[in-house]
Amino acid sequence: MMAAVSDSLAQPVDLREPSGWRRSKNQIMTVLMWLAFVIVLIPLGFVLVTLIAKGADAISWQFLTNSTIPPNVLPLGTGGMGAAVVGTLEITGFATLLAVPLGVLGAVYLNEYGGNGILARLISFMSSVMTGVPSIVMGLFIYIIWVLHFGYSGMAGSFALACLMLPIVIRSSYEMLRLVPDSLRQGSYALGATKARVTLTVVLPAALSGIVSGALLAVARAAGETAPLIFTVLTVEQTNPNLFSGPDTALPLQIFSNAQSAYTGANARAWGAALTLVAITFILMIVARIITALFTRNTR
Amino acid sequence: MSAVTKADPATPAGSAHPLNRRRPLGDRGFQILALAAGLLVLVILVLITVTTAQQSTAWFSGGFKDIFQVAFDGNTRFGAMGVLYGTVISSVIGVIIGVPVSVGIALLLTQVVPARWARPFVYVIDLLAVVPSVVWGLWGIIVLVPWLQKIYVDIASGLKGVPVLGTLFGGPNVTGASFFTAGLILAIMITPIITSLSREVIATVPDIDKEGAYALGATRWEMIRGAVWPHSQGGVVGAILVGFGRALGETIAVALVIGDSVEVTPHLFYSGHSIAAIIALQFGEATGGEFRSALIGLGLFLFVLTIVVNLVARWFVERSTRRARGE
């Protein structure tokens, strides 16, 4: 790190303005950094504009609620994506019920019980490695251990999404628990509370908003996942009210299959489903942001 | 239970730390529950390895000659090399394009834009991460691919016969859905994760180093080169590897834009395939036998590959944050 600094020390210190070339180089690099940001805005703006323009054409009350997804050849206006909306909400909701409590408990172990022990360090490290495991692998895993024995169902999809969310929830909750000041814990111990009671009634409430916003971001990510659902949920064209048995469908699955179709009606339905899905994830993200903002204001 | 504990003469009330007292059942139960939840991570990772290995024995028993071939036709030939090539090439393109952009943005947000104005910029970058993979794929196949097709044809005819560039970008069979298109989409998709991890690492650079560089008369760029970069380079390498790992495992967007044909060719504008994409697209057709076993085996392959990349990446990141804390 000292290389650049000691080079300049070897010469007599020059306190004048930087030379022309050094100044232009600095300006060029600053422009390039701004350029990097602008480059990212182009595809983002492009995809959002297309999504809203094409999606808004497709979306109507009937599109969101009609429970029969029409065959690809039919034009827009017949049937709707109601089955997929229900599927996404059910599958993601159940995955959240599984992954969030387990993830928070795992984070509690890491921060409150594990300390600096080798097991806690291993779990902490492997959970951050696990966030990088491809979602399709989770789908294959649930296919092998669940679908092969019990068949396709929305719940199998929830299992796959929960595997995906678990490490994300553990990491984000762990970061939040670490911020809880030790004085709170010591104060409660001084009153004679057990560790479980301290954790449940003092530590977790103190970190609650941070944990909730982290969990919502994990939910937003899971709601948009397609790959884990392909082998676990399959795809059907009718609403399946039973989450626990029989093939189901979800918005990402419908987007995937309709995007590959050559028919314009199917493509239009894909855009409509995509806008619905993005709207759901955006709402979750905005709620997470609001909760985070409230949280940071409180701690200040 | 607790009455018994209080009467225990071995731990007189008031003197002992609460944890040294004999603990109520609920307290120990909660600890065991938390431990079990933590262990679940390790259990899942081990189970993934074991179950996918079991299910892919039919493929592995075919021997090395079967696996180390290019062709994958879903019938008699189940080679891993063709799809592995596509996975690596598209991810490398993604990293080459995505890294300068991501690191540039990370530097912009930490060193150029004042801290209190950085938040909206961060939100914009996070929006990229909120757009689901399948939506990038949908946009890719319906909007981007037809548009790129024309550009590729122009570039290919312009570069025909030029050494190296002609091999990479020339050729008569250029298609909009290709290695390069997959790489472009991957570049967009890995930018948020590389940016946010890099930002975290760069934020740990001590102010005193930066002020020292300025005091010596450095310009901002010289300060970044001399004070920020040496301090954060390990962590940024880790961030890039995490992004590379994401690109390797990215499935749906790649499946829609890479072109669905297993090939090993230096031509980046030709269509190809990737491990994750072939599993997603062909699993439904693979009813039993060696086909399904091969796809699960490829999944295991991808799992091990991304685990290794992420292990190395996290090692880099953790080492650099430990250093930043001065341990």
What number of residues within the range B:283-312 are touching a Phe, Trp or Tyr at 6+ places or on another chain (Cβ under 8 Å) and in a helix (DSSP H, G or I)? 9
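Which one of these is surrounded by 15 or more Cβ atoms within 10 Å (Cβ to Cβ), on the phi > 0 side of the Ramachandran plot, over 30 Å from the mean Cα position of the chain (by Cα) and not charged (D, E, K, R): B:Gly166, B:Gly171, B:Gly161?
On the way: B:Gly166 fails: on the phi > 0 side of the Ramachandran plot; B:Gly161 fails: surrounded by 15 or more Cβ atoms within 10 Å (Cβ to Cβ).
Answer to the selection: B:Gly171.
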Give the residue that is farthest from the other protein chains (Cβ to nearest Cβ), with candidates limited to residues of the range A:161-190 that are more than 20 Å from B:Arg28 (Cβ to Cβ) and over 26 Å from the mean Cα position of the chain (by Cα). A:Pro181
Count, please, the residues in the range B:35-68 that happen to be more than 26 Å from the chain's Cα centre (by Cα), more than 17 Å from A:Leu140 (Cβ to Cβ) and more than 10 Å from chain A (Cβ to nearest Cβ). 6
Output for Cβ contacts, cut-off 6 Å, separation at least six or different chains, first residue over 13 Å from A:Glu112 (Cβ atoms) and more than 12 Å from chain B (Cβ to nearest Cβ) in the range A:195-217, second surrounded by fewer than 20 Cβ atoms within 10 Å (Cβ to Cβ) and among the aromatic types (Phe, Trp, Tyr), reads A:Ser209/A:Phe295; A:Gly210/A:Phe295
Scanning the range A:52-93 residue by residue, those under 20 Å from the mean Cα position of the chain (by Cα) and either crowded, with 21+ Cβ neighbours inside 10 Å or of a type in the set (Val, Ile, Thr) (or both) turn out to be A:Ala84, A:Val85, A:Val86, A:Gly87, A:Thr88, A:Glu90, A:Ile91, A:Thr92
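Among the residues of the range B:113-127, what is the count of those that are at the interface with another protein chain (Cβ under 10 Å from one of its Cβ atoms), modelled with pLDDT of 90 or more and part of a helix (DSSP H, G or I)?
Taking the range B:113-127 first, the residues at the interface with another protein chain (Cβ under 10 Å from one of its Cβ atoms) are B:113, B:119, B:121, B:123-127.
Those left that are additionally modelled with pLDDT of 90 or more: B:113, B:121, B:124-125.
Then drop every residue that is not part of a helix (DSSP H, G or I), which leaves B:121, B:124-125.
Adding up the residues that qualify gives 3.
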Restricting attention to the range A:123-134, the residues that are assigned to a helix (DSSP H, G or I) and more than 7 Å from chain B (Cβ to nearest Cβ) number exactly 1
Could you go through the range A:249-258 and let me know if any residue there is away from chain B (no Cβ under 13 Å), out of contact with any strand residue (DSSP E or B) (no Cβ under 8 Å at 6 or more places or on another chain), in a helix (DSSP H, G or I) and buried (at least 20 other Cβ atoms within 10 Å of the Cβ). no
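The values are calculated or read from the model by the stated rules, or taken from the named source; none is laboratory data. Keep in mind that what you see is a predicted model, and the values were worked out from it rather than measured. Glycine also receives a Cβ, built like all others from the backbone with ideal geometry; neighbour counts cover every protein chain displayed.
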